[in-house]
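**Student:** Below you will find the structure I want to go over with you.
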Amino acid sequence: MPDYQWPDANHRSLIGKRVTRVDGPIKVRGRAQYTYDVRPDGMLWGKILRSPYAHCKIVSIDTSAAEKMPGVKAVQILQGPGMEIYWAGDEIVAVAAIDEPTAYDALKAIKVEYQQLPHFVSDAEPPKNIATSNEPLTIDEIGDMEDNQVPDDEVVAALQKRGMTEAPDPKMLDALAKDGVAPEVIAAMKKAPVRKGSGVKSPYKKTAAQTQGKPADAFAAAKTGGVLSEGVYGIPVITHCCLEPHGAMSQFTAPGDLEVHVSTQNLSGIPAQLAGPMDMPAGKIRVLQQYIGGGFGSKFGIDRWGVASAQLAKQANGKAVKIMLERDAELEVAGARPSAYARVSVAASKEGRLTGWQSDGWGTGGPGGGGSPPLPYVFDIPNQRKQYTAIVTNQGPSRAWRAPNHPQAALITMSALEDTAAKLNMDPLEFFRKNIDMTGPRAKVYEEEFTIADQLMGWKQNWRPRGQSEGVVKRGMGLSLHTWGGRGHDSNCDLTISPDGSVEIKMGTQDLGTGTRTCILIVAADTLGIPMDNIDLRIGDTHYPASGGSGGSTTIGGVSSSTRRAAVDARDQLLAKVAPALGTTPEQIEIKDGRVSVKGDSSKSMSWKQACSKLGAVPITVRGVNKSGMKPDLTNSGVGGVQMAEVAVDTETGVVKVTKMVAVQDCGLVVDVKTAETQVYGALIMGISYALYEEKFLDPTTGRMLNPNMEFYRLAGLNDIGELKVHMMTGKGYDERGVIGLAEPPVVSPGAAISNAVANALGVRVPFLPLTPDRVLEALEKGAA
Amino acid sequence: MQPFEYVSASGRNQVGELLAAKWGEAEILAGGTDLVSLMKDEIVTPRRVVNIKGIADLRGVSVDAQKGLRIGALTTLVEVASNEEVAKQFPAIAEAVRDAASPQIRNMATVGGNLCQRPRCWYFRNGMGLLPKDKTGKSLVLLGDNRYHAILGNDGPAYFVSPSTVVPALIAHGAKVRILGGGKLREVELERFYVIPKNENEREHDLRPNELVVEVIVPPAAGIHAANYEVRQKAAFDWPLATCSVALQMDGNQVKSARIVLGHVAPVPWVSSEAAEAITGKELTPDNAMAAANAALANAKSLGKNKYKITVAKAAVKRALLAAGKNESAEIGGSHDAHA
């Protein structure tokens, strides 16, 4: 049995060390080619006519004038007459022309008649006393629940109770299963009663209340002998705001051979998505991508514009057609995180033990309504009653946003808990620790992490009870904790060792800028005992073996496991060939720094190149496979992290500055400590942005987004970030768990930690993110009243 | 972008001839930092673009202790910001220019363009009009999201805010603008250059469609104590929520006279005689500065979502006054140091 297990700390040359990313130089020099940069000779420019209305019906479309324009090579209607449009900016017609101005002119020449319908874009608190929704579920609604990681048992319960609007198509069920939808959900969909809806249209979809324990008793007890804390908390809809917008460049390299460059997190998944709409076999569709300028969960699908680029290319006799979204479309339609708000009551004993949770939440994810965040977050408070109302709006659809639903859940929960600690006159660190057993299997991890975070932040020395900061600029500190799964996805890795000593790896994965390339090379080089630059790594091409989509922090576990297996097998095959020449058995040989030698006898050794020459004429090619259920399991699931924030709040202007953040994070065996830390830095910066600045503003009258630009859709700049300190948990208790993903967890807590720090500074809670001057000053005014 | 004719003016006198008699038909291209994005978004759709960058005598800075400061309209912001004499004799103006936009924009943007830049109102920039209305004629700003809109001079129909962060500093120093039209030069106090439009066909300034801003003139500032304070969320490259520029004449710690100009609070740069009156003859203490700030905002009114801007603007006035009193530039951009 080959020894696939991760080597222990004494037997690693690169794994777990600090290795600089390999894609740094090419990016810094501006030579990395992104999808945006792909521009073959003769390429046509694709542009899309979008709906000006947030809700309307298409009455008629006349493209004849556009088709006749010189330079216009293809016109494709994407949504035709009779179609109902549910958000402004939705795609109607695509055109391809010889240059951008001609394409724009063609769009203007298209006549579309719309029937305007009333729109609804507000996610304000629903009216009291709306009844629990008993409407049957649509396929879209179920998809939406899955996207937003609504727990399986909740989806199953909803299916059983409410049924579906139509019986699900078996093909679609297969597709859902492939996408990772749980078997029990698929089974429930098959069994769900098909019902007709009441026909009454309401934007509010209220789920049935869920209870655990005896919440009424817990709150009654807290009223007399404990503490009750009540508050309202929430986060508006924000966008993904990828710096490289969504888009694709399609061309036919031969009749029947489609090549598509896509800005995607899901390279290997794209051919199957295109096969249907293009009516061609997935095997004839090659998808390519070397570098991507951000996805954050919004780039899993080929999307209507990606399909359109291929359709236009087909119409234009196979010519290359590129459609990249403009900044306004990127922000308006290509990615949004659902809002989430809740009225929360927390009950605790005088000693500071949590006894009860009650929440009435609401939020919107656009036309699908949006999923409900898992409340209370991480802390399994014994007695609970919770209810959630999804609001259907014409805001544009939501997409998975880095750790779907967790940042919202963390903000609501950790704010409510910090408010409870304040009522108890207790340091929230002490309060969290007092209840840490309620966090479940990772209680010990959180304990250890809090100890380190405390030191890095100087929490114990510097924390003061609420509102004790003097002066106009008030300082405060806050904290939060979070969790995530992060098990590695399915992945295939082809590794070839050639007789000349060269090593090549091929994998149909993608590097989102997180260090995927670097980590594959680290695992392969460490396992083979050769330097990283001895390996030629090729990714970003569906001609290479398939690897999973980069979502849910699944990439590092997947690619490092398949690479490890491939490298172990290839190494063992090589050693079998080399052993006779060294007069020993394969088990007695080790490879270190490119030398192949008999263990304990350095006189019997040869260079890597010499060893590979023993292969004769034929290279070794092996495929390493990672699939769930394989033994030994090189990946794992479930991490914990804690964060602390320190802020300075100007009480005359309401401007909040984050002066310092501390993040302590576990993710099992860390393949590369350096790229892991940078991923956490990135998460903190993204977190500061959504805590202080980001918000999708919708105009109530027109239903249009008011800030589809980077002027009023603000992101943190260099000077807005403050000091960041990151500590990765490593060593005993962590390394032996195997490799676990890191992308989502560190972005969960910043909003909550910063909000808590602001509450600590001001002595009053600013209920909603982002913590903008208007909200800060309003909270101060209310607090003073 | 709509196709347009591109012409370059050979001299300043030719510009007026190349421009049109009506707004919207022709636009002047200088640095292009505002015009090009407006054209790309089809907020303006000129049939002719008149390039003036080749007119050498529109460019340059001169500083003279007796005559004051002259800045040619084509001078870039970085040229003003990096001029040592401007920094020495007009530190508050230098600082306002240095802090505008981003380095890339300051390298291209001109002073004339800064004076004539269009508002950042999100209804305007999204193509809904400068005075946006719904089908029934109601203002979209009043019906909708006005968190960044005017708190002063907001009786309508204009609710946008004047965008320049440099102009308030110039007005505080008593700057004038020279305008060329029909072969004649006219001089207007910069304060009077800005007007509140009453309909979509009017612009935000007193410039006729075929006129050209030639230069800005600032009187000598010897003995003037000047400062700015800008409240913005982000440390750099962010539009402010409110700004205040002040220029004071002092007698010891007593204010002899004051010019107090607020930015980003009204459709025009807002000169507050009320605040000036409140502080004149008074010691420059935090309480008196706050009283002046209260006077400046006494007539302010919320449109629904921008009440906080009244508080923010008061902080800007108070801090600018106190910074000027100490004869030092205030830290701007929401920095806390100025008051901490």
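Just so you know, all these numbers are worked out from the coordinates, no wet-lab data involved. Keep in mind that what you see is a predicted model, and the values were worked out from it rather than measured. Quick reminder, even Gly has a Cβ in these numbers, built from the backbone with ideal geometry, and neighbours come from all protein chains shown.
**Student:** Is the shape of chain A rounded, prolate or oblate, going by the alpha carbon gyration tensor and its root eigenvalues a ≥ b ≥ c, with a/c under 1.5 for rounded and a/b larger than b/c for prolate? Write down the numbers at each step before the final one.
**Tutor:** Working: a/c = 1.76, a/b = 1.12, b/c = 1.56.
Oblate is the answer for chain A, as a/c is 1.5 or above yet b/c matches or exceeds a/b.
**Student:** Tell me the relative contact order for the range A:13-156 as a rounded percent, counting alpha carbon contacts under 8 Å between residues six or more apart.
**Tutor:** On the way: 184 pairs, mean separation 36.8, N = 144.
Value for the range A:13-156: 26 percent.
**Student:** So what's the gap between the Cα centers of the range B:251-323 and the range A:753-767, to the nearest angstrom?
**Tutor:** After rounding, the separation between the Cα centres reads 29 Å.
**Student:** I would also like to ask the following. If you place +1 on the Cβ of every Lys and Arg and -1 on the Cβ of every Asp and Glu, how big does the dipole about the Cα centre of the range B:18-76 come out, in debye to the nearest 20? Numbers along the way, then the final one.
**Tutor:** Values: 8 positive and 7 negative charges, 35 e Å.
For the range B:18-76, the charge dipole is close to 160 debye.
**Student:** Please order B:Ser164, B:Ser302 by the number of other Cβ within 10 Å, starting at the fewest. Intermediate results must be reported in sequence, preceding the final value.
**Tutor:** Numbers: B:Ser164 23, B:Ser302 14.
The order, fewest Cβ neighbours first, is B:Ser302, B:Ser164.
**Student:** For the charge dipole of the protein assembly as shown, defined by +1 on Lys and Arg C-beta atoms and -1 on Asp and Glu C-beta atoms about the Cα centroid, which residue among B:Ala226, A:Ile556, B:Phe124 has the Cα displaced farthest towards the positive pole?
**Tutor:** My answer, from the dipole projection, is B:Phe124.
**Student:** Let me ask something else. Highest first, please rank the peptides A:315-328, A:657-670, B:31-44, A:114-127 by the mean number of other Cβ atoms sitting within 10 Å of their residues.
**Tutor:** On the way: A:315-328: 20.4, A:657-670: 25.7, B:31-44: 17.1, A:114-127: 15.6.
Ranking the peptides A:315-328, A:657-670, B:31-44, A:114-127 by packing returns A:657-670, A:315-328, B:31-44, A:114-127.
**Student:** Read phi for every residue in the range A:689-697 and hand back ³J(HN,Hα) as whole Hz from Karplus 6.51 cos²θ - 1.76 cosθ + 1.60, θ = phi - 60°, with x for Gly and Pro.
**Tutor:** 4, 6, 6, 9, 10, 7, 6, 8, 8
**Student:** Would you mind classifying the range A:604-659 by shape? Square roots of the alpha carbon gyration tensor eigenvalues, ordered a ≥ b ≥ c; an a/c under 1.5 is rounded, otherwise it is prolate if a/b is larger than b/c and oblate if not.
**Tutor:** Working: a/c = 4.78, a/b = 2.67, b/c = 1.79.
The shape class here is prolate.
**Student:** Same structure again: If you put +1 on each Lys and Arg Cβ and -1 on each Asp and Glu Cβ, how big is the dipole of chain B around its Cα centre, in Debye rounded to 20? Let's see the in-between values first.
**Tutor:** Working: 40 positive and 36 negative charges, 127 e Å.
That gives chain B a dipole magnitude of about 620 debye.
**Student:** Can you list the HN-Hα couplings for the range B:288-305, worked out from phi with the Karplus curve (6.51, -1.76, 1.60; θ = phi - 60°), rounded to whole Hz and with x for Gly and Pro?
**Tutor:** These are the phi-based 3J(HN,Hα) values: 5, 5, 5, 4, 5, 4, 4, 5, 4, 9, 4, 9, 5, 9, 7, 8, x, 10 Hz.
**Student:** Translational diffusion coefficient, Stokes-Einstein: compute it for the range A:172-277 using the Kirkwood radius over C-alpha pairs as Rh, at 20 °C and 1.002 mPa s, and state it as an integer in µm² s⁻¹.
**Tutor:** On the way: Rh = 20.9 Å.
So the translational diffusion coefficient is about 103 µm²/s.
**Student:** Just counting partner chain Cβ atoms within 10 Å, what average do the residues of peptide A:699-711 show around their Cβ? Please report the intermediate quantities before stating the final value.
**Tutor:** Values: counts 10, 4, 14, 8, 0, 7, 2, 11, 5, 3, 5, 1, 7.
What the average comes to for A:699-711 is 6.
**Student:** Among A:Met43, A:Val95, A:Pro118, pick out the residue whose Cα is farthest towards the positive end of the charge dipole of the range A:1-135, where Lys and Arg carry +1 and Asp and Glu carry -1 on C-beta, about the Cα centre.
**Tutor:** A:Met43
**Student:** Round to a whole angstrom and tell me the spacing of the C-alpha centers of the range A:202-218 and the range A:343-368.
**Tutor:** Value for the Cα centre distance between the two parts: 11 Å.
**Student:** Whole-Hz ³J(HN,Hα) for each residue in the range A:519-527, computed from phi via Karplus 6.51 cos²θ - 1.76 cosθ + 1.60 with θ = phi - 60°, x for glycine and proline: what do you get?
**Tutor:** Per-residue couplings from phi come out as 6, 4, 5, 4, 5, 5, 5, 4, 5 Hz.
**Student:** What percent do you get for the relative contact order of chain A when only Cα pairs under 8 Å and 6+ apart count? Intermediate values should be presented prior to the final figure.
**Tutor:** Values: 1956 pairs, mean separation 123.0, N = 785.
Value for chain A: 16 percent.
**Student:** Let me ask you something else. Give me the dipole magnitude in Debye, nearest 20, for the range A:305-383 about the Cα centre, with unit charges on the beta carbon: positive for Lys and Arg, negative for Asp and Glu.
**Tutor:** Values: 8 positive and 7 negative charges, 46 e Å.
Charge dipole, the range A:305-383, about its Cα centre: 220 debye, nearest 20.
**Student:** So which trypsin sites (Lys or Arg not before Pro) in the range A:101-182 are both in a DSSP loop and have at most 14 other Cβ atoms within 10 Å of their Cβ? Provide the component values of the computation, followed by the final result.
**Tutor:** Numbers: sites: A:Lys108, A:Lys111, A:Lys128, A:Lys161, A:Arg162, A:Lys171, A:Lys178; in loops: A:Lys128.
Answer in residue order: A:Lys128.
**Student:** Sequence gap at least 6, Cα distance under 8 Å: using those rules, report the relative contact order of chain B to the nearest whole percent. Could you put the intermediate results ahead of the total?
**Tutor:** Numbers: 798 pairs, mean separation 57.3, N = 340.
The normalised contact order for chain B reaches 17 percent.
**Student:** So how far, in whole Å, is the C-alpha centre of the range B:150-199 from the one of the range A:431-463?
**Tutor:** 57
**Student:** While we're looking at this one, here's another question. In what sequence, highest mean first, do B:105-112, A:714-721, A:244-251, A:769-776 appear when ranked by Cβ atoms within 10 angstrom?
**Tutor:** Values: B:105-112: 21.9, A:714-721: 17.6, A:244-251: 26.2, A:769-776: 23.4.
Going by the mean number of other Cβ atoms within 10 Å, highest first, we get A:244-251, A:769-776, B:105-112, A:714-721.
**Student:** Within 10 Å, count the other beta carbons around each residue, average over each peptide in A:386-392, A:468-474, and list them highest first. Can you show the working numbers first?
**Tutor:** Values: A:386-392: 23.4, A:468-474: 15.3.
Answer by packing, highest mean first, reads A:386-392, A:468-474.
**Student:** So what's the net charge close to A:Glu646: Lys and Arg +1, Asp and Glu -1, counting the other residues with Cβ under 11 Å from its Cβ?
**Tutor:** On the way: positive: A:Arg475, A:Lys657, A:Lys660, A:Lys725; negative: A:Glu723.
Net charge in that neighbourhood comes out at +3.
**Student:** List the trypsin sites (Lys or Arg not before Pro) in the range B:215-295 that DSSP assigns to loop (not H, G, I, E or B) and whose Cβ has at most 12 other Cβ atoms within 10 Å. Which are they? Please list the in-between numbers first.
**Tutor:** Values: sites: B:Arg232, B:Lys234, B:Lys256, B:Arg259, B:Lys282; in loops: B:Arg232, B:Lys234, B:Lys282.
Passing sites in the range B:215-295 do not exist.
**Student:** Just going by the charge dipole of the protein assembly as shown, with Lys and Arg at +1 and Asp and Glu at -1 on Cβ, which of A:Met164, A:Ser469, A:Ala65 is farthest out on the positive end?
**Tutor:** A:Met164
**Student:** Moving to a separate point now. Please compute the average number of Cβ atoms from other chains found within 10 Å of each residue's Cβ in peptide B:126-137.
**Tutor:** Values: counts 9, 2, 5, 0, 0, 0, 3, 1, 2, 1, 0, 0.
So the per-residue partner count for this stretch is 2.
**Student:** Residues of B:232-241, mean number of Cβ from any other protein chain within 10 Å of their own Cβ, rounded to a whole number? Let's see the in-between values first.
**Tutor:** Values: counts 4, 14, 10, 8, 4, 5, 6, 3, 0, 6.
Neighbouring Cβ atoms belonging to other protein chains average 6 per residue here.
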